[in-house]
Structures are given as C-alpha cells and as structure tokens.
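Input: a single structure, listed below in structure tokens.
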Amino acid sequence: MTNNSYKTLDGPMLSKRSFLKGSAAALGLAGLPLFARGAAAQSGTQGVLSGCHWGVFYGMVEDGRAVEFKPWEEDPHPSPQLPGVMDSLYSESRIRYPMVRRAWLEQGPGADPDGRGSGDFVRVSWEKAIELVANEIVRVRETYGQQALYAGSYGWKSPGKIHNCQTLLRRMLNLTGSYTNSSGDYSTGAAQVILPYVSGSLEVYEQCTTWNNLAENCELMVFWGCNPLNNSQISWQVADHGAWPGIARMKEAGTPVLCIDPVRTETCEALNGEWIAPRPQTDVAMMLGIAHTLYEEGLHDQAFLDRYTAGFDKFLPYLLGQSDGTPKTADWAAEICGLPADTLRDLARRFASKRTMLALGYSTQRQHHGEQVHWMLITLAAMLGQIGLPGGGYGLSYHYSSGGSPTHTTPILKAVDDASGQTTEGAAWLAGGGAVSIPVSRFVETLLNPGKTMQFNGHEIELPLIKMAYWVGGNPFSHQQDRNEMLRAWRELDTFIVHDVQWTASARHADIVLPATTSYERNDIEQVGDYALSHIVPMKKIVEPVFEARSDFDIFADIAEKLGQGYAYTQGLTEMDWVRKIYEAAKIESRAKGMEMPVFDVFWDSNKPLAFPVTEAQEDFVRHADFREDPLLNALGTASGKFELYSVAIERYGYDDCPPHATWMEPIERLGGPTTKYPLHLAANHPQMRLHSQLCGTVNRETYQIAEREPCWMNPADAEQRGLSDGDVVRVFNDRGQMLAGLKITDEIMPGVVRINEGGWFDPENPREIGSLCVYGDVNILTTGVATSKLAQGNCGHTGVAEVELFEGPLPEVTVFSQPSA
Amino acid sequence: MNAALKFAPVADRDTDPDLALVADWLALQFLTAPDAARIGAGRSTEGQAALRQIGVLLDRRDAAEALCHKLADGSAPEVTVALQRRYTALFEGIFRQRGLPPYASVWDGTGRLYGPAVGRMQALLRELDLHLDQTCCEPPDHIAIQLAALAEALRQGRTELVPALLGELRWAVRFAASLTAADGNGYYAAVAQLLNAFVEKAEQN
C-alpha cells in the first residue's frame, strides 16, 4: 500500500462479496443523521470585531473556526490573557449538552444531595431540559412560596447589553412570579455600603482624579493595597486598558511612588516604587498611627476639617485615647502593623509635606470589619486636607478597570431590563428587587438559617427559606468563602440550576446544567472602558454556537414561553433587533450631546469600534474639585453634605461591630492577633492570568501552575523554617479545610504571608466528603465565611490564616480541568 | 439537498462493501447513546449474527462475542439504560477521569476542541460533496463523523480520499486504548477493540 492509494480488503475470505449485505437494519443502521449532500461554502480568513472583559479584539476565523483572537490595533496594552479567552470557547471542559444529575432526574428534587459534584449526569434534550426547569420553578413556588427560588445569581457574567444573563434570569422570573434576590457584590461589599454615609456616594465605582492630572500635579503616589497594572487588564464592560498609558505618564513625570502591600506588586515593579509591607488586615491601625502623628505634630489641615467635614471632633477623642484610654500613637500602631513607629511618623510627615494621592484598593475592605478601612482612609485624607486638589486627596477606583482613565463624552447604552419596572442606571447589580433581597455574600448563611433575623445596613431581614438556586454567569463555588461550610449549606437545596460555558465547580455541583454560548457565539453591543467610555463596540458573533450551546436569552425565552410569558419576555424582538434598538436609542441621546452617530448598519458593518471625544477638562478631571470649590452648591450626598467622619445614622444602628467613626477592631484572625492559631496569613489576591475563576480552565494556566497546582508564594525565610523547596507540592490547611498547592519561593512577598490567588478551580479528592482535600488549589476552602459587620454584611475573602507543610504520600491527580491524557 | 443521507449500495469499484458498513456501525456506536430500537436490533438473531460477522471480518471474534453477550445480558430495557449510562459517562460526561471526548483535537496535541483537525475534515467533506446536516451539532473531527465520512468515501468509490481519511483517524488507536482501559470488560471496551482492528485492517490495505 502506498500513501496515496487505497486498496479494498481483498483477503481470501472476503473478496468484494458482502457478508454483511442486508444487515444494515439488523445493526441498527437506519441512516446516520450526519450528512447532507452539497459542499458547504468555504470562507477565507477574516477578522470579526468583538469585545470582552479583556478588551476589544478581532476573532480570526478560518472556515467557520476561530483560530486566534488578535487584539484591536488601538488597544494601548492588550491583555496577555487573550489566548485563554479563545481557549474558553473551545475548552476541553466546555459544556456540550444539557445535563441532569442522575439522582435528581430519577428520584426527584433533593435526592442524594451529597452526590452533587460526583459527576453522575444524564444527557437530556433541550425540550426535556426546558420542561424540567419550568416545572421545577412552578413546583418550588407553589410548595414553598416565591422567596424559595433564589435568583441572586452573582458573578462576572459576560459584557454586553443584551446577553446579561443575570438580568435575563430575573426578567424571566419577574414576568412569571418573584424570587429572592441579592444586593451588593463581592468586590466592594463593605465599602459600597459605608461610603454613602461617609462621602455620600459609592466612590468605589466612580471616576477618580485622572492619571494625566496626577502626572502633572502629584508629588507622592501611594498605592495602598492597590495594583492597577494587574487588575486593569479587565473591565466589567469591555476593557480599555487606559491605566497603562496613564501610569506611563506618571513614570515619565518621575512621580515618587509608595506601595503599601504584603506583595511587591506589578505596579510597584513598573514604577520602581518604594515597598512597605505591613501585616495584612492592620491597615486601620497603621492609618490611625499616621493620623495621630499628623495631629500630634500639627500637620493636619484643621481648616479643611472645619469647612468640609463633620464629626472630626467626635473622632478625635478616640484618636487621642480620651474615649478608650488608648492613644492611637505611631508606637501603638507599630505593635499591630509590624512596621517601625518611625516609619509611620515618617509617612505622616511625607504625606503632609507633599501633594499626596492615597489610592486604596478593594482588597483592604474584604476583611473582617472591612468597612473601617475606607472610612479611616478618608478620615486620613481629610486630615491631610488635599481632597479636591489636583494630584492630591484619595482615589478609590484606581484599583481596577483603568479608573483614572478620562471619561469621554458619550451616550450611555441602555440594556435589556429585568422587567421589574425599576430603573437600574449605573451599577445594576446593586439594585434590589425580588420578593426578598439578601446581602450577596450571605447566601450560605441564609440557607443554613431560614427564619433568622439579620441586621443589614440599618434594617432587619428575615432570612427566607430557599429550596432552589438558579445561577447564571457566575461561579459561587469559587467566589464564596469557606467552601466546606458552603457544601453543608448546599444540602438544603432541592435544586441547583446552572447555565455556564465550562464545567466549573458550580456546574459540577448542579442538578441541571444548561450549556450557554460564550459571547463569541452571539451578537451584542457594549461600551469600552468602565470609566473611559471611549467607544461603542459591536460584539459580533465570531462563530456559530458549538455543540448544543444556546444563548441565555433563548433559553430563558423558552422557559418564559413554557410559563406563558414568552412574548412578554422577547417583546417579539430577535437578538439583532435588540442590538439595533439599543444602538438607536444611544444615537438619539448622542444628539443631545451635540454628536451624530452613524446609522446602525454603517456602524455594525464597519467592523470598528465607534470612538467618542474627550475634552481637555475631562482629561484633567479632579475628584471632588467641585465640592471643594463650593461645598454648599456641590454638597456631598451625606446627611450633612460634608465628609462625615462620624455618622449619626450609624450611631443610631448601635452595631457592636461597626462603631460610628473609623475604629481599629481586631479581626477574628490575623498575623500577630491575640487569639490567632495559625502562623501564615493567606493573601487571596487577584490572579494575573485569569479573571477570578474565569480562564482557570484554559491554556493560560500553563503559564503559572506549579506541579499542576495553583501556586503558593512564600518568602524564603518561611520556606527555610519549614524545610520547603521551590516547586514542592505543599498542603495548606487550617481548621476550615485543606488544599494542595505548588510552592513558589520569592522575596516579592513579605515573611509571614503566603499568596494563593483566588479563583483556582475547586477539585475535591472525594466529592462526597465535606472537608476532602482540594487537589488543585481553591483558596476559599481556607478563608472565613463570616461577614464584615452587621452594617454591610460583606465578604471577608482576605481574612484567613493557615499553615503550610510538605505534602507527603501519593500525589492525587488534578482532574478538574480535563479528560484523561491520551 | 438538506435531507440526511440514507445508506446506499457501495459503488461497484475497487472497494469493499462490508468495510463501509462496519465504519458506519462503528460511527453509530460513538455518535449517540443507544435507544431501545437499536438495542432491540442488536439483540435479534439477525443482529447478533451480523455482529459476529463483523468479528470475523475484523478478526476480533472475542470482541464481537462480548458485544453479543452484553446486548443479551438482561432485559432489553435494562440493557438500554445500562448502555445509555455508560455512553454518557464515557463520551458526554466531564467529571474526573472517566470521560473520553471523542474528538481528534483532544487527542492530537491541539490541547483544545475545534483544532486544525476540524478544518481538515471540513475540506474532506467538501471533497465528498457533503456537509454536516443541520441537526448535527458535533464538530467534524468527532470520531463518528470521521468514520462515516470514510464509509461515504468507500461508497462513492473515492479511493483517493481514503488515505487522508485514515490519516485523520490516526488518533483513534490511542483513543481505543484509553477506552479499553476505561471500560474494562464493558460494551464500549469491546467496541474499542473493533475500532482498533478496523483502523489497523484498513491501514494494512
């Protein structure tokens, strides 16, 4: 036989005579439904414009197959994560068909809850899946009431104004009844609740002083737990990456940079910053020590405090120790934060003598009593008196998504709404709605304590009985803390439904799993830059949906139809009808701003983002400059119209874990804490090569995994003390759980702290056993599930201590990402 | 033409009529979980005889005998459910190391689904003047599609395309070996042996 010819099987027994002739029916071969006659048209390579959390890009398509995602040529700093984005489309762990857990299907809702995660699924048709979901919604509502259906589904769903799966879920449920909703988020759960009391607005999702202005005016840039050169790779909408040119301008201007962080960050590295590493979770004490020095040495700006703030007089006795007998001196703070007192005094003097910008990151408030951190930083900034001045004050949104990148003049794209009748301008996920709404990180507590009364932000919530959870666009088995407590809580659910693109841990623990399309298999429209709003980008379908994936819009349309609300859900509009409608509404709005956008077809067919202008004033924006200029005319949204360093409202709540002014409160555990059992703090940072848990199941993992595990960074001193070597597989454990990790020894992390990025996929060695070893490395096995306080009920993802030891014994295989090796 | 193709007689050229039928039969095993009708056919006297004939053709009589036994081991509904469960666990599931995705791209070093094998198979289908029916949601590097395309080439007498189609099936040997290991003495382990034998035999010719 040669390579280019083929001979039939002409052996002596067979020849060309058919022994199987007439056996087709007997073999069940009634016709394979595979082929149709006629060659499919072949298309050449083309670049299809789209956008995602990681930026604007072209999907390069060959013969209907995506072969590369190439960054848009005007992206100032394309994310290195883009290869993983394409990989997510074609991941080996892609969910291909509707699947139902066997016990649930055969024995009914609630059957064998401990079997969740063990992988025994049955493939069903879409028709069957829709019927099962619709019937279960009806059953749960009729049996337990509307509140028993939880649709507080949270997570980093894809961008796009149509295919916001969380809105679409609630749209379907609002049209057919009600549900329990969630409020707040995991990113800034504490800050977003307390800041309206302090400065009158959310702050953490609002524009801060621009990088341009900082480059011109700032004399000392302080990144406090703030790492924009990692976290600005992504945006909630489509990333603009404006942080890179902005920070480059600062570097060019030679602005001195100080980084306060347990890790020497990418931002610190890029700007050759001075690195100061206090013990994690001691920021408030450190700030108090600096504040005390300011006051003691007369470096504070009393005139600013008098004119622009309220309540400093009630805070001062605490600072000076008159109210509790403990002056918050630099020496007192040094004992807690682990830095020399002289360093704190020096910081106070430097802050006061320079035009200083205090840029605070979100991580600092994801800890026990996290509300206090942002409050104390604003108190400190108020004492410095530079708020509203060019290059000075504080900024709470430099942390990610290129906050500080100037905001363009643009219309705002409206989105498909949730049919609740409520308008949700801005941060839609912060809106309430539903029969009941619980703080988003309190879902586990709710499952375990139905009927309990919970304090939350000045009011009480009776925790509802929940029997069904419906999750779309999120991965609670990643972002929720204390995984083993979560597993115990999940037993209370009759039914857990998940739409997703990959077999995440949440999908694996679901009863019904529906395969959703990625953004790259559907059409949508979005804005570029959460703060910049620089362009509107057509998010074009790059390839047809793979396998049996369907868009969330279509899935919910079918469920709504089954429940008698199909037309109300779709309004008779197709996907492209919605895209056009949203664009045309923006086109009308743009006229009011003196612009004329092209007609829709020109925009869509151009295959380019539509750019919007930015003025010099926008380039030079200074946060709170208007308030500083005229505090009466431009009063803040607080009760007093000023920065409230003491809140009468919070005083009235009487919470024992959230006093009415910024206060140092011991977290349940910390390095050097009075009752802390384990010696190493867990820094559950944002990863560099994925977005939370997104893209963990992609090729990007190969760039960071160690011994096929999530990395665990450790200082050389800690490694030596434990006899550990670079590349070891280690067991990280505390009383809450245990996990494996691959050790990376580096002096880029301070002694006493280990860094394990959040978002590693949960891979229990024995899914049926609560407390089983996670063999890949999900750090939220180890973090605490307690709330920040009664005020915000936020998550404490950065509160956790543990011990690390060499893992000995047969090494369990990581199985969460892939199929067996070939 | 959009209608699905039906099995047609093999063109009377330099091809073996049974080989195409075996390729189709193998394709069917991997394309979907068996339904009651297919199990019923396999349990019938004619079906069992045909399976044994495949064993003879591929010189894997033991494997064919094992299939016959598995199909007859229990009531028809019991066998149907058992094989449906096994199919899902092996080819549609994801969890842990039980699954074996039946796509060339997973096994050829691409590291993801929809690798270059998909493009090459699309080109081969064009050569055969075929396209995937709209009811088929699988990529063309699915082993069932590769086998069915090979059968179609044999039926069309397109011998010049057979080497390329066999080349696309090179991964099937490793797939079959893993399937044998994963399924032990089960039905699909026996199918894997027949797949292996089919590829070997075809390549030898």
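The values are calculated or read from the model by the stated rules, or taken from the named source; none is laboratory data. These numbers come from a predicted model, not from an experiment. Positions of Cβ are generated from backbone atoms using ideal geometry, with glycine treated the same way; all protein chains shown enter the neighbour counts.
Scanning the range A:71-106 for residues that are among the aliphatic types (A, V, I, L, M) and surrounded by 21 or more Cβ atoms within 10 Å (Cβ to Cβ) yields A:Leu82, A:Val85, A:Met86, A:Leu89, A:Ile95, A:Met99, A:Val100. For B:Phe91, the criteria (1) more than 7 Å from chain A (Cβ to nearest Cβ); (2) at pLDDT 95 or above; (3) assigned to a helix (DSSP H, G or I) hold in every case but one, which is (2). Among the residues that make up the range A:579-597, is at least one of them in contact with a Phe, Trp or Tyr (Cβ under 6 Å, 6 or more places away or on another chain), closer than 30 Å to A:Leu533 by Cβ and among the aromatic types (Phe, Trp, Tyr)? Yes, the range A:579-597 contains a residue that is in contact with a Phe, Trp or Tyr (Cβ under 6 Å, 6 or more places away or on another chain), closer than 30 Å to A:Leu533 by Cβ and among the aromatic types (Phe, Trp, Tyr). The residue that is surrounded by the fewest Cβ atoms within 10 Å (Cβ to Cβ), among those in the range B:100-121 that are more than 7 Å from chain A (Cβ to nearest Cβ) and free of Cβ contacts under 8 Å to residues at least 12 places away in the same chain, is B:Gly109.
Taken over the range B:182-195, the criterion of being in contact with a helix residue (DSSP H, G or I) (Cβ under 8 Å, 6 or more places away or on another chain) and modelled with pLDDT under 95 is satisfied by B:Ala182, B:Asp183, B:Asn185. Of the residues screened, B:Leu28 is one that is facing chain A (nearest Cβ under 7 Å), closer than 20 Å to A:Ala25 by Cα, in contact with a Lys or Arg (Cβ under 8 Å, 6 or more places away or on another chain) and of a type outside the set (Val, Ile, Thr).
On the given criteria, is A:Ser43 within 24 Å of B:Phe30 (Cα to Cα) and of a type in the set (S, T, N, Q)? Considered against the rule, which asks whether it is within 24 Å of B:Phe30 (Cα to Cα) and of a type in the set (S, T, N, Q), A:Ser43 comes out as no. Contact annotation: residue pairs with Cβ atoms under 7 Å, 6 or more positions apart or on different chains, pairing a residue in the range A:201-228 that is within 29 Å of A:Gly641 (Cβ to Cβ) and modelled with pLDDT of 95 or more with a partner that is surrounded by fewer than 24 Cβ atoms within 10 Å (Cβ to Cβ) and aromatic (Phe, Trp, Tyr), are A:Gln207/A:Phe621; A:Thr209/A:Phe621; A:Thr210/A:Phe621; A:Asn213/A:Phe621. Hey, among the residues in the range B:159-193 that are among the aromatic types (Phe, Trp, Tyr) and facing chain A (nearest Cβ under 10 Å), which one's nearest to B:Pro102 (Cα to Cα)? Result: B:Phe175. Restricting attention to the range A:728-736, does a residue exist that is over 12 Å from A:Phe807 (Cβ atoms) and either out of contact with any Lys or Arg (no Cβ under 9 Å at 6 or more places or on another chain) or not assigned by TED's automatic domain parsing to the domain that holds A:Val779 (or both)? There is no residue in the range A:728-736 that is over 12 Å from A:Phe807 (Cβ atoms) and either out of contact with any Lys or Arg (no Cβ under 9 Å at 6 or more places or on another chain) or not assigned by TED's automatic domain parsing to the domain that holds A:Val779 (or both).
Let's see how each residue does on (1) facing another protein chain (nearest Cβ under 10 Å); (2) outside any helix (DSSP H, G or I):
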| site | (1), (2) |
| --- | --- |
| B:Ala123 | yes, no |
| B:Thr135 | yes, yes |
| B:Arg155 | no, no |
| B:Glu200 | no, no |
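For the range A:250-266, the tally of residues that are of a type in the set (Asp, Glu) and in a helix (DSSP H, G or I) stands at 2. Would you confirm whether or not the range A:676-688 contains a residue that is assigned to a loop (DSSP other than H, G, I, E, B), more than 19 Å from A:Asp261 (Cβ to Cβ), under 24 Å from the mean Cα position of the chain (by Cα) and not hydrophobic (A, V, I, L, M, F, W, C)? Within the range A:676-688 (the criterion being assigned to a loop (DSSP other than H, G, I, E, B), more than 19 Å from A:Asp261 (Cβ to Cβ), under 24 Å from the mean Cα position of the chain (by Cα) and not hydrophobic (A, V, I, L, M, F, W, C)), the answer is no, since none of the residues qualifies.
Restricting A:Ser199, A:Ser153, A:Ser158, A:Ser183 to residues that are in contact with a helix residue (DSSP H, G or I) (Cβ under 7 Å, 6 or more places away or on another chain), within 20 Å of A:Gly388 (Cβ to Cβ) and of a type in the set (Gly, Ala, Ser) narrows the list to A:Ser199.
Contact annotation: residue pairs with Cβ atoms under 9 Å, 6 or more positions apart or on different chains, pairing a residue in the range A:604-627 that is in a loop (DSSP other than H, G, I, E, B) with a partner that is of a type in the set (D, E, K, R) and surrounded by 16 or more Cβ atoms within 10 Å (Cβ to Cβ), are A:Asn607/A:Lys540; A:Val622/A:Arg628; A:Arg623/A:Glu203; A:Arg623/A:Glu206.
The set of residues in the range A:509-555 that are of a type in the set (Asp, Glu), surrounded by fewer than 24 Cβ atoms within 10 Å (Cβ to Cβ) and outside any loop (DSSP other than H, G, I, E, B) comprises A:Glu521, A:Asp554. Residues satisfying the criterion are present in the range A:307-315 (criterion: closer than 23 Å to A:Phe643 by Cβ and part of a strand (DSSP E or B)). Scanning the range A:556-573 for residues that are within 23 Å of A:Val501 (Cα to Cα) and hydrophobic (A, V, I, L, M, F, W, C), we see that the one that is surrounded by the most Cβ atoms within 10 Å (Cβ to Cβ) is A:Phe556.
The set of residues from the range A:47-95 being within 14 Å of another protein chain (Cβ to nearest Cβ) and of a type in the set (Val, Ile, Thr) comprises A:Val61, A:Val67, A:Val85, A:Ile95. Entry remark, the range A:291-323: residues being within 19 Å of A:Pro660 (Cα to Cα) and among the hydrophobic types (A, V, I, L, M, F, W, C) number 8 in total. What are the residues in the range B:59-69 that are outside any helix (DSSP H, G or I) and more than 10 Å from chain A (Cβ to nearest Cβ), if any? Passing the criteria: only B:Arg60. Within the range B:31-53, the residues that satisfy the criterion of being at the interface with chain A (Cβ under 7 Å from one of its Cβ atoms), buried (at least 17 other Cβ atoms within 10 Å of the Cβ) and out of contact with any strand residue (DSSP E or B) (no Cβ under 9 Å at 6 or more places or on another chain) are B:Arg38, B:Ala41, B:Gly42, B:Gly47, B:Ala50, B:Gln53. Within the range A:150-159, identify whether any single residue is within 14 Å of chain B (Cβ to nearest Cβ), crowded, with 22+ Cβ neighbours inside 10 Å, touching a Gly at 6+ places or on another chain (Cβ under 9 Å) and not in a helix (DSSP H, G or I), and answer yes or no. Checked the range A:150-159: no residue is within 14 Å of chain B (Cβ to nearest Cβ), crowded, with 22+ Cβ neighbours inside 10 Å, touching a Gly at 6+ places or on another chain (Cβ under 9 Å) and not in a helix (DSSP H, G or I).
Scanning the range B:134-149 for residues that are more than 14 Å from A:Glu548 (Cα to Cα) and among the acidic types (Asp, Glu) returns a single hit, B:Asp141. Taking the range B:152-178 as the range and being surrounded by 19 or more Cβ atoms within 10 Å (Cβ to Cβ), hydrophobic (A, V, I, L, M, F, W, C) and over 12 Å from B:Leu124 (Cα atoms) as the test, the residues that pass are B:Leu154, B:Leu169, B:Trp171, B:Ala172, B:Phe175, B:Ala176.
Here A:Gly800 fulfils each of the conditions (1) out of contact with any helix residue (DSSP H, G or I) (no Cβ under 6 Å at 6 or more places or on another chain); (2) surrounded by 21 or more Cβ atoms within 10 Å (Cβ to Cβ); (3) farther than 30 Å from A:Asn457 by Cβ apart from (3).
Taking the range A:481-501 as the range and being polar (S, T, N, Q) and in contact with a strand residue (DSSP E or B) (Cβ under 6 Å, 6 or more places away or on another chain) as the test, only A:Thr495 passes.
Scan the range A:114-136 for residues that are buried (at least 19 other Cβ atoms within 10 Å of the Cβ), closer than 22 Å to A:Leu447 by Cα and not aliphatic (A, V, I, L, M) and jot them down. Result: A:Arg116, A:Gly117, A:Ser118, A:Glu136.
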